[in-house]
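A.B. asks: Here you go, one structure.
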Amino acid sequence: MDVIAAAVPLRDRVAGARRAGGRVGFVPTMGALHAGHARLIETARRDCDCVVVSIFVNPLQFDRPEDLQRYPRTLQVDLEMCDGLGVDVVFAPAVAEMYPTPTSCTIAVGPVAAHLCGRYRPGHFAGVATVVMKLFQIVQPDRAYFGDKDAQQLAVIRHLVRDFNVPVQIEAVPTVREPDGLALSSRNQRLSPEERRLAPALYRALCEARRRVAEGACDTEPVRRAAAATVPKDERLRLEYLELVEPENMQPVERIEGPVLAAGALWVGSTRLIDNLMCGSPRAQ
Ligand code: AMP
C-alpha cells in the first residue's frame, strides 16, 4: 500500500493505475476509521481495481474550533486497517498541502444545505463540497463511496457532481450500526460509558418516526413530536433537530405522500451525533 501526502504524486500514482485499464474507486474519510468506513472500503474493493482512501480532517467544514481540535486522529491505526482491507493508496495530506495559500474560491451550496445540519452548522456543507471537489480533482476517481449515515452530505455531493459535471459515479453505502442501533461514528469515541448508554436514543426516536410513517401517518408534525418524545428526559441529552424531509433535495415535508427521510441530531453531553432512517409510507405505492 502506498501512503502519499502530496497531490501531484498521488495523481501520478492513480493515473498509472488508470492507464493500466483499472477502475479507480475512492473513499474520502476524516480518519479515526471504524467498521462503517471499512464497509465503504470493502464495497470499493469489490467494485474497483485501484482503491484510494483519503484521510484528511478538513478544517473548512468545522463550524466550532473545539470540535476540530477534539476530532480523533489515529493515523497509524488507520493505515494498518487500510492495509488489512487491501487498499492500494492512502492519500493523507497535511492542511498546508490541501490549502496552500488562503483559499479564494470555495463552493457555495444551495437549498439542499438549508435545513437539518446545514441550518445548525453554518458553512459546514460549503466546506464539505469544497474539499470533496478538490479531492475529486486530485484523485479523479471513476467511482466514489459515501455513507447513508451522512444523508445530507450525500445529497450535497450528488448535487455537486450534477451541477459541475464531475465525471464520477457516486455510490451510497448503508449505515453500519452497533447492536443497540447506534450508528458507528468517529465521534462515538468521545462518549463516556454513561453517555454511550444514552446515545441510542436518537436511533430509537428515528425508529418511532419510521414506525408511524409505515402505519400511514399523513401529517409530519405529530410524527415529529412523537419521535422527539421518546428521547429520555436527561440533562445530558438535547435533541437539536428531528425532521422529516424529502430525500433528494432535503426539504422539509408537511404532508407525507411518499418516502421521507427522518433525520436528527442529538447532543449527548458535549458530543453531537447525527443519524437518519428512510421511512416508507403505505400510501407511496
Ligand atoms: P467521516 O470520516 O466521518 O467523514 O466519514 C467518511 C465516510 O464514511 C462518509 O461517507 C460517511 O458517511 C461514512 N460513514 C461514517 N460512518 C458510517 C457508518 N456508521 N456506516 C456507513 N458509513 C459511514
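A.B. asks: Give the residue from VAL87, LEU266, LEU135 lying farthest towards the positive end of the charge dipole for the chain; charges sit on Cβ (+1 for Lys and Arg, -1 for Asp and Glu) and the dipole is referred to the Cα centre.
C.D. replies: Toward the positive end, the furthest listed residue is LEU266.
A.B. asks: Next question. At 222 nm, what helix-only mean residue ellipticity would the chain give, in deg cm²/dmol to the nearest 500, using -39500 (n - 2.57) for each DSSP H run of four or more?
C.D. replies: About -11500 deg cm²/dmol.
A.B. asks: Once you treat every alpha carbon in the chain as an equal point and sum by Debye, what is log10 I(q)/I(0) at q = 0.07, 0.12, 0.13, 0.14 Å⁻¹?
C.D. replies: Scattering profile of the chain, log10 relative to I(0): -0.27, -0.78, -0.92, -1.05.
A.B. asks: Residue separation times 0.36 nm, minus the C-alpha to C-alpha distance between GLU194 and MET278: what's the value? Don't skip to the answer; put the middle values down first.
C.D. replies: Working: separation 84, 0.36 × 84 = 30.24 nm, distance 2.85 nm.
That works out to 27.4 nm of additional length.
A.B. asks: Assuming 0.36 nm per residue, please report the length gained on full extension of the stretch ARG18 to ALA94 beyond their Cα-Cα distance. Each step should come with its number before you reach the end.
C.D. replies: Working: separation 76, 0.36 × 76 = 27.36 nm, distance 2.52 nm.
Gain in length upon complete extension: 24.8 nm.
A.B. asks: While we're here: Report, by chain and number, residues whose modeled amide H sits under 5 Å from the one on GLN169, excluding near sequence neighbours (fewer than 5 apart, same chain).
C.D. replies: Here the answer is ARG143, ALA144, since their amide H atoms fall under 5 Å of that of GLN169.
A.B. asks: Place a point 7 Å from the Cα of ALA229 along the Cα-to-Cβ direction; which residues of region 169-211 have their backbone N under 20 Å from it?
C.D. replies: Those under the cut-off are 201-211.
A.B. asks: So how many Å³ per residue does the convex hull of the Cα atoms of region 41-81 work out to? Each step should come with its number before you reach the end.
C.D. replies: Values: hull volume 3.8 nm³, N = 41.
Output value, Cα hull per residue: 94 Å³.
A.B. asks: Okay, next question. Kindly list the residues of region 87-113 that lie in the label zone of ARG162, defined by a backbone N under 19 Å from the point 7 Å along the Cα-to-C-beta vector.
C.D. replies: 107-113
A.B. asks: Which order do LYS134, LYS233 take by accessible area at a 1.4 Å probe, largest first? Before the final figure, lay out the partial values.
C.D. replies: On the way: LYS134 65, LYS233 185 Å².
Ranked from most to least accessible, the order is LYS233, LYS134.
A.B. asks: Quick one: which residues, 5 or more positions from LEU273 or on another chain, have an amide H under 5 Å from its amide H? H modelled 1.01 Å from N in the peptide plane, none for Pro or chain starts.
C.D. replies: LEU266, TRP267, VAL268
A.B. asks: Using the Karplus curve 6.51 cos²θ - 1.76 cosθ + 1.60 with θ = phi - 60°, what ³J(HN,Hα) values do you get for each residue of region 92-108, in whole Hz, with x for Gly and Pro?
C.D. replies: Calculated HN-Hα couplings, in order: 10, x, 7, 4, 5, 6, 7, 10, x, 10, x, 6, 9, 10, 10, 9, 8 Hz.
A.B. asks: If you stretched the chain out fully between THR103 and TYR241, how much longer would it get, using 0.36 nm times the residue separation minus the C-alpha to C-alpha distance? Write out the running numbers ahead of the final one.
C.D. replies: On the way: separation 138, 0.36 × 138 = 49.68 nm, distance 3.18 nm.
Net length gain for the segment: 46.5 nm.
A.B. asks: Could you work out the mean projected area of the convex hull around the alpha carbons of region 146-260, in square nanometres to one decimal? Working shown, then result.
C.D. replies: Working: hull surface 34.2 nm².
Here the figure is 8.5 nm², rounded to one decimal.
A.B. asks: Given R₀ = 30 Å, FRET efficiency for THR74-ASN249 by Cβ-Cβ distance, to 0.05?
C.D. replies: Details: r = 35 Å, r/R0 = 1.18.
It comes out at approximately 0.25.
A.B. asks: Over region 1-102, with a single point scatterer placed on each C-alpha, what log10 of the ratio I(q)/I(0) does the Debye formula yield at q = 0.11, 0.15 1/Å?
C.D. replies: Summing over Cα pairs of region 1-102 leads to -0.34, -0.63.
A.B. asks: Quick one: accessible surface of GLU42, probe radius 1.4 Å, all protein chains present, in square angstrom to the nearest 10.
C.D. replies: Looks like 80 Å² after rounding.
The values are calculated or read from the model by the stated rules, or taken from the named source; none is laboratory data. Note that the structure is predicted; figures quoted are calculated from it, not measured. Cβ atoms come from the backbone with ideal geometry, glycine included; neighbour counts cover every protein chain shown. Protein only, heavy atoms only, side chains kept; ligands, DNA and RNA dropped before computing areas. Shrake-Rupley method; radii C 1.70, N 1.55, O 1.52, S 1.80 Å.
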